[in-house]
Amino acid sequence: MTLDIDWVRAQFPAFSEPSLQGQAFFENAGGSYTCKPVIDRLFRFYTQRKVQPYAPYEASMLGGQEMDEARNRMAAILGVAPDELSFGPSTTQNTYVLAQAFGQMLEPGEAIVVTNQDHEANTGPWRRLADLEIEVREWCIDPVTGHLNPDDLENLLDEKVRLVCFPHCSNVVGQINPVVEITALAHAAGAFVCVDGVSYAPHGFADVGALGPDIYLFSSYKTFGPHQGLMVIRRALGELLPNQGHVFNAGTLYKRFTPAGPDHAQVAACAGMADYVDAFYAHHVGGDADPAERGASVHDLMRAHETALLQPLLDAVKSRNSVRLIGPAEAAGRAPTVALALNREGEAVAADLAKHGIMAGGGDFYAGRALKAMDVDMDKGVLRLSFTHYTSKAEIDQLLNALDAVL
């Protein structure tokens, strides 16, 4: 089965926007285009439901129903119970709240494991627990490949470790980490597991229930939706951690770790992501399937399309003497997030690419620990080229021609 790229692009208004014509978007790791069902739901909420939800009048009841719908449908796609899914203002904010909760639960002398492959959002908050006399152990990447070796994690695990934090995939290395294997290792040692899915989720929603981590986080503005952070906390852990919300919300699992009031409209609009998954499945596959199965089928179609487009890009850059490809050179084991260390500043090269209609970015992308570990010149940073399933072969060709001109 082949992804229908014309159908896919028709679901994203950006591709018919006159001001964006001729420009190819290769900064999707920073945030994706938004699909039409999300835009439609957001517009409807702001025009018809912009009142306090859950009150006994129609506009309010409808607003509350749409918020509940978003939680129920996205939780079903992710393979978890509805109250195990929380919405917050961002993944960074959600992680800080979680770190505070763990700081209140852990005892001095207990330990956590973090990596230097992570985006700062899933490592910085946890590292600050050292201020509370929590031991912070670093699971380090291979300085040449950027790879996280599970054998190295085993050497860090003992009865003191209470939490292991790592990314589903890095936002600069791109390699997809074996979540099931790593989670099993951590659980066998008696530790909880927190997985940062921000850089993986744009390439297909994970079945979190099947993967097994206790926490899984991602950002909906990178999965074709509004600016929210989605956070799965499995019940056993969520009820164990101290409540971080209002005292009267302590008994509601999905409210325990969102101390601020929710953005009603954006939470409701997240149901548009489920609309898109369902429409995608109906168009490409059809037939009856539960939400997690539909999500898995859509995930596989997205990944197959992305992998086919990614390998020519990897082949083109890995053969250049002036370019260092960060991470694996084979598309099958990585996300289409390609960081390149060059002899010039990444941001300057991105500016040159913009003249050829390529929208990309340069810098460290909050992954300074990983880039430093791989001996990347931090004054130059990297050029990052990232795409997702709505990218076309023609846009890949446009990118390759632009790289030839610029490099």
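The values are calculated or read from the model by the stated rules, or taken from the named source; none is laboratory data. These numbers were taken from a predicted model, which means no experiment stands behind them. When we count neighbours, we look across all protein chains shown, and the Cβ atoms used for this are built from the backbone with ideal geometry, even at glycine. Just the protein is used for accessible areas: all its heavy atoms, side chains included, with ligands, DNA and RNA removed. Shrake-Rupley method; radii C 1.70, N 1.55, O 1.52, S 1.80 Å.
Some observations on this one:
- Among the helices of the chain, those built from whole DSSP H runs whose Cα atoms reach 24 Å or more along their own axis and whose mean Kyte-Doolittle hydropathy is at least -0.5 are 58-78, 291-318.
- Over the chain, dividing the summed -39,500 (n - 2.57) contributions of all DSSP H runs of at least 4 residues by the number of residues returns a 222 nm mean residue ellipticity of -11500 deg cm²/dmol.
- Which listed pairs, of LYS160/LYS255; LYS36/LYS393; LYS318/LYS355; LYS255/LYS372, have C-alpha distances above 31 Å, in listed order: LYS255/LYS372
- Nearest-10 value in Å² for the accessible area of TYR221, using the 1.4 Å probe: 60 Å²
- List THR2, THR34, ordered by accessible area with a 1.4 Å probe, largest first: THR2, THR34
- For the range 111-164 versus the range 314-329, the inter-centroid distance based on Cα atoms is 28 Å.
- In sequence order, calculated HN-Hα J values of the range 385-392 (Karplus, 6.51, -1.76, 1.60; Hz; x Gly/Pro): 10, 9, 9, 9, 5, 7, 6, 9
- Cα-only Debye scattering, the chain: base-10 log of I(q)/I(0) at q = 0.10, 0.13 Å⁻¹: -0.67, -1.14
- Rounded to the nearest whole Hz, the Karplus-based 3J(HN,Hα) values (6.51 cos²θ - 1.76 cosθ + 1.60, θ = phi - 60°) of the range 330-345 follow the sequence 10, 5, 4, x, 9, 7, x, 10, 10, 9, 10, 8, 10, 8, 10, 5, with x at glycine and proline.
- Neighbourhood charge, 15 Å Cβ-Cβ cut-off, centred on GLY109 and excluding it, Lys, Arg +1 and Asp, Glu -1: -4
- Debye, to nearest 20: dipole size of the chain, +1 on Lys, Arg Cβ, -1 on Asp, Glu Cβ: 800 debye
- A straight line joining the Cα centroids of the range 359-407 and the range 172-228 runs 23 Å.
- Magnitude of the charge dipole for the range 33-99, about its Cα centre and with charges confined to Cβ atoms of Lys, Arg (+1) and Asp, Glu (-1), is about 260 debye.
- Accessible carbon and sulfur surface of the range 42-274 relative to its total accessible area, %, 1.4 Å: 53 percent
- At full extension, ARG344 and ARG320 could sit 7.2 nm farther apart than now, given 0.36 nm per residue minus the alpha carbon distance.
- Surface analysis of the chain yields an accessible area of 39 Å² per residue, using protein heavy atoms and a 1.4 Å probe.
- Just so you know, the Cα atoms of the range 42-274 work out to an Rg and Dmax of 17.9, 61 Å.
- Measuring between their Cα centroids, the range 244-310 and the range 14-63 lie 15 Å from each other.
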